[in-house]
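Working notes, structure below.
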Amino acid sequence: MENKSLTKALIVGISILIGLTSLGIFIFKGLKTFSDKDRVVTVKGLAEMNITATSASISLNFSFSGDNLPDIIKQTDLKKKSIINYLSSIGYDKNDIQLNNIDIIDKQKYFETEWQNGQQVKAKIDRYTTTQSLTIQSKDIKATEDKSAQIKLDLVSKDLTSIATTNYSFPELNSIKPKLIAESTKNARIAGEQFANDSKAVLGKIKTASQGQITIAGKYHYDEDGAADSEKPKEPYIQKARVVSTIVFFLE
């Protein structure tokens, strides 16, 4: 009888010991997990990509001003026809020339007040201003800048002075966004792994991640937080897209 009681007590004691041991292990793991949550590393990943223009165009703008509206409209029309004839002579088809509607500004007055020698005086101004613009598609994207400069000089020599500007069309940012984000995330993980190795830890899962805004840098774009001037593409038909992702990793 005493042996049975002793055996029963021993079993109970062992069960309690096992229970306490298991409880201690779980508590330890719980505390360790809780502690591990505070072990994180924040890194940034940079991704850059050069994008090339898919098309280019040259815009020509000119204007006339005066008080006689029919007269300046006639001048505008004559200059427009002369410019179109010139463009046709150097190889542009008339169907390739996009002619925008004439824009007329009516100030509805012939005088305005201005300060001269500390006094307000009436100064004569032109009541009407007409503006006309033409756009031609560039046949060679890389040569657009040079072609625009040559056209401008030719027009000046023909007394058809116009403002010549170049325009470029680039791929939509949404088309390159996934690749940029993937690259920036990859570079952030590389930086995180280096930090983990230096800390004799293992890089864990992502805790939080934030993707910065995609910025564009190029000849005609200024990126305040982006590439330095020396890193920007010099060619106007190339732009540099960049994104910086900030990622917080757990350290195990």
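Applying the selection to the stretch 153-174, what residues are surrounded by fewer than 17 Cβ atoms within 10 Å (Cβ to Cβ), modelled with pLDDT of 90 or more and part of a helix (DSSP H, G or I)?
Hits for the stretch 153-174 are Leu153, Asp154, Val156, Ser157.
Looking only at residues in the stretch 136-151 that are assigned to a helix (DSSP H, G or I) and touching a residue at least 24 places away in the same chain (Cβ under 8 Å), which one is farthest from Thr76 (Cα to Cα)?
Only one residue fits best here, namely Lys142.
Can you name every residue in the stretch 111-135 that is within 23 Å of Leu78 (Cα to Cα) and either at pLDDT below 95 or outside any strand (DSSP E or B) (or both)?
We begin by selecting, within the stretch 111-135, every residue within 23 Å of Leu78 (Cα to Cα); these are 126-135.
Asp126, Arg127, listed by residue number.
Of all residues in the stretch 175-216 being over 21 Å from Lys240 (Cβ atoms) and of a type in the set (Ser, Thr, Tyr), which is modelled with the highest pLDDT?
Thr208
Can you tell me which residue in the stretch 76-99 is modelled with the lowest pLDDT, limited to those that are charged (D, E, K, R) and either surrounded by 12 or more Cβ atoms within 10 Å (Cβ to Cβ) or within 15 Å of Phe62 (Cβ to Cβ) (or both)? Give the derivation first.
Looking only at the stretch 76-99, we keep the residues that are charged (D, E, K, R), and these are 77, 79-81, 93-94, 96.
Among the residues that remain, those that are also either surrounded by 12 or more Cβ atoms within 10 Å (Cβ to Cβ) or within 15 Å of Phe62 (Cβ to Cβ) (or both) are: 77, 79-81, 96.
Values: Asp77: 96, Lys79: 97, Lys80: 96, Lys81: 95, Asp96: 85.
The residue in question is Asp96.
Quick one: Lys37 ticks every box in (1) modelled with pLDDT of 95 or more; (2) charged (D, E, K, R); (3) under 30 Å from Ile190 (Cβ atoms) bar one, so which box is it?
With (1) modelled with pLDDT of 95 or more; (2) charged (D, E, K, R); (3) under 30 Å from Ile190 (Cβ atoms) applied to Lys37, the lone miss is (1).
Scan the stretch 75-97 for residues that are under 12 Å from Gln132 (Cβ atoms) and either without any contact (Cβ under 8 Å) to a residue 40 or more places away in the chain or not aliphatic (A, V, I, L, M) (or both) and jot them down. Before you say what the answer is, go through the steps one by one.
So in the stretch 75-97, the residues under 12 Å from Gln132 (Cβ atoms) come out as 75-84.
Residues satisfying the conditions are Gln75, Thr76, Asp77, Leu78, Lys79, Lys80, Lys81, Ser82.
Looking at (1) in contact with a Pro (Cβ under 9 Å, 6 or more places away or on another chain); (2) in the same structural domain as Thr42 (by TED's automatic domain parsing), which is the only condition Ser184 fails?
The single condition Ser184 does not satisfy is (1).
The values are calculated or read from the model by the stated rules, or taken from the named source; none is laboratory data. All of these numbers come straight from a predicted model, not from anything done at the bench. Cβ coordinates were reconstructed from backbone atoms using ideal geometry, including for glycine residues, and neighbour counts include every protein chain displayed.
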